[in-house]
Amino acid sequence: MSLQELMLIGRVGQQADLASERGVSCTGDLPEASDPSLIQRAKVARAALGSRAMVLGHHYQRDEVIAFADITGDSFKLAQAAADNSSAEFIFFCGVHFMAESADILTTSQQKVCLPDLAAGCSMADMATATQVNDCWKVFERLGIASRTIPVTYMNSSAAIKAFTGKNGGTVCTSSNAPRAMNWALTQGEKILFLPDQHLGRNTAVLELGLSLTDCVLWNPWKPNGGLSDDQILGAKIILWRGHCSVHGRFSIENVSAHREKNPDVNILVHPECTHEVVTSADFVGSTEFIIKTIEAAAPASKWAIGTELNLVSRLAKAHPDKEIAFLDKTVCYCSTMNRIDLPHLVWAMESLVDGRLVNQIQVETQVAKYAKVALERMLALP
Ligand code: 13P
Ligand code: SF4
């Protein structure tokens, strides 16, 4: 077996470990997806919980779940919503694990957060473990650059990585405030360690901060010294973590060319988690909230090919029949972990609470939460 194959097995194993650490999804009393009374059951449970509960829904959630969300948003807007609401005792977070962790950190100790399916993780967040990040930081300490390097951690990361960031003078960012976060970081230090999404880091550094590709190096957590020479690390302004989103990583330059050939006046609109070549060939780039606002403001009959998660693109196409909206890729691709939250899981979680049992609570350990909150609050306070 080749070294590459062994490393791949290691990675799959590590991700399975992370999933099992999150625990089992539900205990078997899940309603059937085909249950004709499911919508009615959801309405009854939601009404019974009233203002004691709040349902937050990320834009990538299924329509059947979004229908019950009190607030929909991108990861930034949902973090703000959690921080701003201190009255709802229970928050059903319809999104992925790292978002629910952030909600738990940002809410009061009286509020409790539930993730209706604990298997709703994020493969990108799993690409940076606390051990790997600590090992990387030790190299920076050996080279004498740790005190001059500011960690900027994408929201799509575990609470432990956010805590590392808070402890080391850094901030969290989302796709809607990455330029602000990186500009701020460069006022605090000379270098940035950007993790875990290399594409968001690179796209922001080059397209928003005016840095060049040669200012960036890629830290591979699976290789000694990140696969870099000491001189490469010392010479870099931005050290990008080698992580990516498996959903946005699928969009290719060929997808862009195919749409442009078919429709010369098409507008290509993509999320900054796409690769640098896709982002540089697009007409518009931005977070999920930006994508929605761009389509809302678009002229009737305008043509769009959108490179982000399919639930959102389909919903936009349905909501704007006067515009021509297509998915950028030829093949259908949902975020499989976002899709884990479906109406049966939401009904199960809400009905359990009506019966007095909170299931799938997300509770971040106190010390981790303390430092992660520092990094999250720095983000919320960014100018
Ligand atoms: P937003 O920050 O745009 O909500 O994106 C979150 C995400 O998971 C994108 O893949
Ligand atoms: Fe994670 Fe990508 Fe899914 Fe977003 S779309 S939750 S980054 S796997």
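The values are calculated or read from the model by the stated rules, or taken from the named source; none is laboratory data. Just so it is clear, the model here is predicted, and its values are computed rather than measured. When we count neighbours, we look across all protein chains shown, and the Cβ atoms used for this are built from the backbone with ideal geometry, even at glycine. Heavy atoms of the whole protein, side chains included, go into the accessibility calculation; ligands, DNA and RNA do not. Shrake-Rupley method; radii C 1.70, N 1.55, O 1.52, S 1.80 Å.
Brief remarks follow.
- In this calculation the C-beta distance from GLU64 to THR108 is compared with R0 = 30 Å, giving a FRET efficiency of 0.50.
- Assigned charges on the beta-carbon of Lys, Arg, Asp, Glu; segment 199-249 dipole about Cα centre (debye): 160
- Distance distribution P(r), segment 101-197, all Cα-Cα pairs, bin width 10 angstrom from 0: 16, 44, 30, 10, 1 percent.
- Placing R0 at 22 angstrom, the Cβ-Cβ distance between LYS237 and THR187 gives a FRET efficiency of 0.95 after rounding to 0.05.
- Solvent-accessible surface of the chain, averaged per residue with a 1.4 angstrom probe and all protein chains in place: 42 square angstrom.
- Residues LYS370, LYS237, LYS303, sorted by accessible area with the largest first, give LYS370, LYS237, LYS303 [1.4 Å probe; ligands and nucleic acids excluded].
- Taking label positions 7 Å along the Cα-Cβ direction at both PHE284 and SER51, the computed distance is 3.7 nm, reported to one decimal.
- The convex hull built on the alpha-carbon positions of segment 37-136 has an orientation-averaged projected area of 7.3 nm².
- Residue-span extension gain [ASP35 to GLN80] - 0.36 nm each, minus C-alpha spacing: 12.7 nm
- Take every Cα pair under 8 Å whose residues are at least 6 apart in sequence, average their separation, divide by the length of segment 85-232, and the relative contact order is 20 percent.
- P(r) histogram, all alpha-carbon pairs of segment 295-383 included - 5 Å bins from 0, percent: 3, 10, 13, 10, 10, 14, 17, 13, 8, 3, 0
- Rounded if a/c under 1.5, otherwise prolate or oblate - segment 44-99, Cα gyration tensor axes: oblate
- All-pairs Cα distance distribution in segment 218-363, expressed in whole percent, bin size 10 Å: 10, 30, 24, 21, 13, 2, 0
- Ligands, DNA and RNA left out, the 1.4 Å accessible surface of the chain is 53% carbon and sulfur atoms.
- Taking other residues whose beta carbon is less than 10 angstrom from the beta carbon of LYS191, and scoring Lys, Arg as +1 and Asp, Glu as -1, yields 0.
- One decimal place: the segment SER212-CYS333 gains 40.4 nm when fully extended, by the rule 0.36 nm per residue minus the C-alpha distance.
- Simple label model, 7 Å out from Cα along Cβ direction - GLN367 to TRP222, nm: 3.1
- Point-charge dipole on Cβ atoms (K/R +1, D/E -1) for segment 230-362, about Cα centre, debye to 20: 160
- The listed residues TRP222, TRP348 rank as TRP222, TRP348 when sorted by accessible area, largest first, using a 1.4 Å probe.
- Placing unit charges on the Cβ atoms only, positive for Lys and Arg and negative for Asp and Glu, gives segment 87-180 a dipole magnitude near 440 debye about its Cα centre.
- Distance-filtered residues of segment 311-335 - backbone nitrogen under 16 Å, label point 7 angstrom along ALA258 Cα→Cβ: 326-334
- Above-threshold pairs, the threshold being 24 Å between Cα atoms, out of LYS162/LYS293; LYS77/LYS162; LYS77/LYS303; LYS112/LYS162; LYS162/LYS191; LYS77/LYS138: LYS162/LYS293; LYS77/LYS303; LYS77/LYS138
- For the chain, projected area of the alpha-carbon convex hull averaged over all directions, nm²: 20.2
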